[in-house]
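Trainee: Please see the structure below; I have some questions.
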Amino acid sequence: MDKVVYLCGVPYREISGATQLCLTTHAVDVRWGFHYLEVKDTGQIDDLITAMQEKFGLKCRLAHPEPINSFAPSRTEAPGTVHAFLLEVLEDDENHKNEYRRKWCFPVEAKLRIRRKPVQWLVDDAMSKLS
């Protein structure tokens, strides 16, 4: 069985010199994290950027060409690798409504809201890349 490739978006914005990260979840879920989707290869970053706009109302651009980290998906997903990319949010449609929720957090709060360790580590990876 082939391993699946996932792309994960770590959206951020700068407000008055402070970095905020955008956590997401499905409307019926309570677990916050960063959105990821299954793709054929890591070159499909445009699919991730499109998904961020369609699902969450975040118009983004790739902040760094290389992933900030890679890790195994949760046990409920097909075996594979999640490649996380840092995305700078250019526009935020705060009135965007659908079956997903999102929350802007400072890094400390983001780490407290995320349960899964590899996803928590993405906060540190993002902040290290931005410094």
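Only the coordinates and a few stated rules stand behind these numbers; no lab work does. Just so we're clear, the structure is a prediction, and the values are computed from it rather than from any experiment. Cβ coordinates were reconstructed from backbone atoms using ideal geometry, including for glycine residues, and neighbour counts include every protein chain displayed.
Trainee: Net charge near Trp104, counting Lys/Arg +1 and Asp/Glu -1 over other residues with Cβ under 9 Å of its Cβ?
Mentor: Local net charge: +2.
Trainee: Let me ask you something else. Is it possible to state the helix-based mean residue ellipticity at 222 nm for the chain, with each DSSP H run of 4+ residues giving -39500 (n - 2.57), the sum divided by total residues, to the nearest 500 deg cm²/dmol? What is it?
Mentor: Numbers: 3 runs with 33 residues, N = 131.
So the helix-based figure for the chain works out to -7500 deg cm²/dmol.
Trainee: What net charge do the residues around Thr24 carry, taking every other residue with its C-beta under 12 Å from that of Thr24, with Lys and Arg at +1 and Asp and Glu at -1?
Mentor: Once positives and negatives cancel, what remains is +4.
Trainee: For helix 117-130, report the angle its Cα long axis makes with the longest principal axis of the Cα atoms of the chain; keep it between 0 and 90° and round to the nearest 10°.
Mentor: Taking Cα atoms only, the helix is inclined about 60 degrees.
Trainee: With the chain treated as a Gaussian network of Cα nodes joined by springs under 10 Å, which of Val119, Val30, Val82 yields the largest mean-square fluctuation?
Mentor: Maximum fluctuation in the GNM of the chain, among the listed residues, is at Val30.
Trainee: Take the chain, mark every one of the GluC sites (Glu not before Pro) that falls in a DSSP loop and has at most 15 other Cβ within 10 Å, then report the longest stretch left between them, sites excluded.
Mentor: Result, exposed sites excluded: 1-76.
Trainee: Also, I was wondering about something else. Using a Gaussian network for the chain with springs between C-alpha atoms less than 10 Å apart, which of these wobbles most: Ala110, Ala27, Ala63?
Mentor: Most flexible of the set in this elastic network: Ala27.
Trainee: Work out how much length Leu90 to Ser70 would gain on full extension: take 0.36 nm times their residue separation and subtract the Cα-Cα distance, in nm to one decimal.
Mentor: On the way: separation 20, 0.36 × 20 = 7.20 nm, distance 2.44 nm.
Full-extension gain reported as 4.8 nm.
Trainee: Now for a different question. So if I place +1 on the C-beta of Lys and Arg and -1 on the C-beta of Asp and Glu, and nothing else carries charge, what would the dipole magnitude of the stretch 4-130 be about its Cα centre? I want it in debye, nearest 20. Present the calculation step by step, with values, prior to reporting the outcome.
Mentor: Numbers: 17 positive and 18 negative charges, 111 e Å.
Rounded to the nearest 20 debye, it is 540 debye.
Trainee: Right, something else. Of Thr76, Phe56, Leu37, which is farthest towards the positive pole of the stretch 5-81's charge dipole, taken about the Cα centre with +1 and -1 on the beta-carbons of Lys, Arg and Asp, Glu respectively?
Mentor: Phe56
Trainee: Using the scaling law 2.2 N^0.38 Å as the reference, what is the normalised Cα Rg of the stretch 1-96? Walk me through the numbers before you get to the answer.
Mentor: Values: Rg = 13.5 Å, N = 96, 2.2 N^0.38 = 12.5 Å.
That ratio works out to 1.08.
Trainee: Let me ask another. Greater than 28 Å separation of Cα atoms is the criterion. Which listed pairs, Lys3/Lys103; Lys3/Lys97; Lys103/Lys129, meet it?
Mentor: Beyond 28 Å: Lys3/Lys103; Lys3/Lys97.
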